[in-house]
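Here is the structure we will look at.
Any read-out appearing in this document is the output of simple, stated calculations on the displayed coordinates, not a laboratory observation. Quick caveat, the model's predicted, so the values are computed rather than measured. Please note: Cβ atoms are built from the backbone with ideal geometry, for glycine as well, and neighbour counts cover all protein chains shown.
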Amino acid sequence: MEVFAQQIVNGLSIGSIYAVFAIGCTLIFGVLNIINLAQGAFLMIGACVGLEAARFGLPLPVTLLVAAFGGGLLGVLSEQFMFRPLRKAGGHRWMGLVASLALARLLVGVAQEIFGTEVQAYPRSSMSAIIWQIGGVRIQALQLFIIAAAVVLMLLFAFILQRTSLGRAIRTVAFSEDVARIVGVRVESATLVTFFIAGALAGAAGLLLGVLFNVVSPFMGDSALVKGLTVMILGGLGNIPGAVAGGFLLGLLEVFSVAYVSSAFRDAIGFGLIFLILLVKPTGLFSGFEERRA
Amino acid sequence: MIGLFEEFLSSYGNVVDLCLLNILLAYGVWLALSGNMFTLGTGGFMALGAYSSVFFTTQTGMPFSFAVLIGGLLAGGAALIIGLPVLRLRGDYFMLATFAFTEVVRVIALNWESVTGGAIGIVGIPRYTETWQLALLAIAAVYFAYALRHSHFGRSIAAIRQDDVMSQTMGINVLAHRLTLFGASAFVCGIAGAMAAHLNFFIGPTDFGLLRSVDALSYPILGGFNALLGPLVGAIFTTLLPEFLRFSNQWREILMGLLVILVVLYLPGGAMSLLQSDRLARIFRRRLIERHSIEQRAES
């Protein structure tokens, strides 16, 4: 029972990070119908920028904002200078995938040049030292901070998307770009904001991931991208509530398979699952209660 | 003259081998692309070919050529098995399913230590792959692509690429055509994997991941998948370029990334579209846009 409760805590803290990251990936798909394979690199840059900010002595919540801003800026730049010209040129959608991967490669190179190629650790924050012992369950203050930060980010995101005119504009573009133009939505700025939000979520997720495992490296984006894609499929492409549920599900699933089966099968279970889901229910596990995109 | 050639080979042999191998891979991926299948399964199929052929040559002492053939057949067989359910999926879902396949293969390779050597991989594989074999395979691949484009089958494929619903109503068995192409693509990738394994002395699970699949995809797309020699040009270009940028590892990655983005942005039809006359290029582009809109209509 204690092991079970402990795994729940661990699973929720990693799952919340997956959820934040996957929301960004799935948002871009929902709005623009493209899969941005550079999201993993945005996450990595977010972690690196956040690390620099932490070394500068900034407190954790501020570094989170810095990381989010860094990721968001990259998102905007990629849309402005890559994805938009590509759409204008009327290229095949394969071109977008190839270009986004090339961008990821470029960013990994840049990160290596600036931040070095070694794995780095975060400066010890006071939060990782505080550990509560409830029954037999160890809960780090850090884990609580991560879960709380992730929930706040998701609520903020939900608020922007559902309650503001900006969110309405984004949802209209997601519904149909032509319709959005007809009703006077400025599609260009709406897509830029979409990319900013998605990039910011990736950057924030990168910082949280770096803090949780205390590891930052230029190559952390690849495995994160794999997780993000997995969650996207679990929840259904473009399905935001599905991405949240899928993120927590993947986090819990990974932790439990390590605890009760074998660490060797942690990844195999995730991929086996998405393979199965794609074959049986390609719209995702949670398409029942949310069919609408974005 | 021959002496000069040998001197060239001895100093640049590795690069030449790599080029030929990637050309083979490029045509393997091109087969899938020509049926509108954006496959990320390349890494998985290569891994199947590589690990099985190494198993047969080192554990059972099977002749190299048989082992390579079996590696290719295994990869092709796997493609036929997973292809049946996966090919029902469209567009991005197909891509993600093949990506999941590659990852599953990687995880198996990571954990099945008695055969694959786990995370460490297999070291000290005898080097059986010769340059002439690779050259022969590459030429065969180009010829096969040429023959395919001019066959009845190839024309059916072209029709499917334009509009699969229409093709089906015209009496083309779309699923069978796609499955054949997918299997053939995996077969070629499996052979390429087997050749690569016996070229490098070493294979490990990280050799055949997402990155490998994506690199393989970028060859025909950058070269231009509508031109016969597009995959060849793309493969040579993307293999040679890093060799010229050897001065810094990081800058190589940065420049490669930048260059690929520029090619995609300014030559959306691939590098081979440079060679076509202006008029042809315009028609070609219009057709691409039309196809794009047809696809969008089909998806919505």
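Placing +1 at every Lys and Arg Cβ and -1 at every Asp and Glu Cβ, with all other atoms neutral, what dipole size does chain A have around its Cα centre, in debye to the nearest 20?
On the way: 18 positive and 13 negative charges, 115 e Å.
For chain A, the charge dipole is close to 560 debye.
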Taking beta carbons within 10 Å but only from partner chains, what does the mean come to for residues B:99-105?
6
Mean other chain Cβ within 10 Å across B:83-96 is 4
How long are the three semi-axes of the equivalent ellipsoid of chain B, in whole Å, if each is the root of 5 times an eigenvalue of the C-alpha gyration tensor, listed from largest down?
31, 25, 18
If one takes the longest principal axis of the Cα atoms in chain A, at what angle in degrees, from 0 to 90 and to the nearest 10, does the Cα axis of helix A:93-115 lie?
50 degrees
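Kindly state, to the nearest 0.05, the FRET efficiency for residue B:165 paired with residue A:155, given R0 = 41 Å and r defined as their beta-carbon distance.
Values: r = 43 Å, r/R0 = 1.05.
For R0 = 41 Å, the calculated efficiency reads 0.40.
Mind sorting A:130, A:35 by how few other Cβ atoms lie within 10 Å of their own Cβ, fewest first? Walk me through the numbers on the way to the answer.
Working: A:130 13, A:35 22.
If I rank by nearby Cβ atoms, fewest first, I get A:130, A:35.
How do B:253, B:6 rank when sorted from fewest to most other Cβ atoms within 10 Å of their own Cβ? Please list the in-between numbers first.
Numbers: B:253 23, B:6 11.
Placing the least packed residue first, the sequence is B:6, B:253.
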Using a Förster distance of 30 Å, the FRET efficiency for residue B:15-residue B:158 (Cβ separation, nearest 0.05):
0.30
Gaussian network model of chain B, Cα within-10 Å springs - most flexible of B:12, B:128, B:93
B:12
Taking chain B as a Gaussian network, Cα atoms linked when under 10 Å apart, which of B:95, B:170, B:62 shows the biggest mean-square fluctuation?
B:170
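Which whole number gives the average, over all residues in B:215-222, of C-beta atoms from other chains lying within 10 Å of the residue C-beta?
Numbers: counts 2, 0, 4, 6, 0, 1, 6, 3.
Mean inter-chain Cβ contacts per residue within 10 Å come to 3.
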Kindly express, to the nearest 10 degrees and within the range 0 to 90, the angle between helix B:131-149's C-alpha long axis and the longest C-alpha principal axis of chain B.
20 degrees
Calculated log₁₀ intensity ratio I(q)/I(0) where the Debye formula runs over C-alpha points of segment A:2-222, q = 0.15 Å⁻¹
-0.95
Highest-fluctuation residue, B:147, B:194, B:271 considered, GNM on chain B with Cα pairs under 10 Å:
B:147
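So for segment B:32-85, Kirkwood radius off the Cα pairs, Stokes-Einstein at 37 °C and 0.692 mPa s: how many µm² s⁻¹?
Details: Rh = 11.8 Å.
D, rounded to a whole number, is 278 µm²/s.
If we sort A:168-178, B:228-238 on the protection proxy, mean other Cβ atoms within 10 Å, highest first, what's the order?
On the way: A:168-178: 18.3, B:228-238: 23.5.
Highest mean packing first, the order is B:228-238, A:168-178.
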Rounded to the nearest 20 debye, dipole of the protein assembly as shown from Cβ charges on Lys, Arg, Asp, Glu
1460 debye
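Around residue B:155, with a cut-off of 13 angstrom between Cβ atoms, what is the net charge of the other residues, counting Lys and Arg +1 and Asp and Glu -1? Walk me through the numbers on the way to the answer.
On the way: positive: B:149, B:161; negative: none.
After counting each charged neighbour, the total is +2.
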Between residue A:119 and residue A:188, with labels modelled 7 Å along Cα→Cβ, what's the label distance in nm to one decimal, could you check?
4.6 nm
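Test of understanding: ordering B:80, B:148, A:103 by Cβ neighbours within 10 Å, fewest first, what list do you get?
Numbers: B:80 14, B:148 19, A:103 25.
Neighbour counts put them in this order, fewest first: B:80, B:148, A:103.
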Give me the distance in nm between label points sitting 7 Å out from Cα along the Cα-to-Cβ direction at residue B:266 and residue B:127, one decimal.
3.9 nm
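By per-residue mean of other Cβ atoms within 10 Å, what is the highest-first order of B:103-111, B:261-269, A:11-19?
Working: B:103-111: 21.7, B:261-269: 19.3, A:11-19: 24.6.
By packing density, highest mean first, the sequence is A:11-19, B:103-111, B:261-269.
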Cα Rg, Dmax, the protein assembly as shown, angstrom units
24.1, 82
For the Cα atoms of chain B, what angle does the longest principal axis make with the long axis of helix B:91-111, in degrees from 0 to 90, nearest 10?
10 degrees
Of the residues A:255, A:154, A:237, the Cα lying farthest along the dipole of segment A:129-274 towards its positive end, which is defined by charges on the beta carbon of Lys, Arg, Asp and Glu, belongs to A:154
Please state the charge dipole magnitude for segment A:18-159, taken about the Cα centre, from unit charges on C-beta atoms (+1 on K and R, -1 on D and E), reported in debye and rounded to the nearest 20.
260 debye
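Computed FRET efficiency, Cβ-Cβ of residue A:214 and residue B:241, R0 41 Å: what is it to the nearest 0.05? If you can, show how the numbers build up before the last one.
On the way: r = 37 Å, r/R0 = 0.91.
Taking R0 as 41 Å, the efficiency between residue A:214 and residue B:241 is 0.65.
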